[in-house]
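Quick note: the coordinates plus some simple rules give every number you see, no bench work behind them. Remember, it's a predicted structure, so these values are computed and weren't measured experimentally. Cβ: placed from backbone, ideal geometry, glycine included. Neighbour counts: every protein chain shown.
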Amino acid sequence: MHNNTFTQNANMTLISLCLISGIFMWHTTGLLMAILSITFPLSACLLIMHIYSGWERSANLTNNEEAGE
């Protein structure tokens, strides 16, 4: 449970940072760069979270198997 809340908080922080940087980029370089600066970190963040959750799930399965034996 604690891990899940931490993950959600980290996601919200990263998303808000991406949006802030996107708005800043929009003012400095234009809309296209703003979209790119939001999209790339978000996709990277989602990919990392997906890999992490898969790794965590497999670790939990391994622990459960060891406990069963």
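Note that the stretch 14-27 has calculated 3J(HN,Hα) couplings of 5, 5, 5, 4, 5, 5, 4, 5, x, 5, 4, 4, 4, 5 Hz, one per residue in order, obtained from phi through the Karplus relation 6.51 cos²θ - 1.76 cosθ + 1.60 (θ = phi - 60°); glycine and proline are x. Here the residues Met12, Met33, ranked from fewest to most Cβ neighbours within 10 Å of their Cβ, fall in the order Met12, Met33. With each label modelled as a point 7 angstrom along the Cα→C-beta vector, the Thr28-Glu56 pair spans 3.3 nm.
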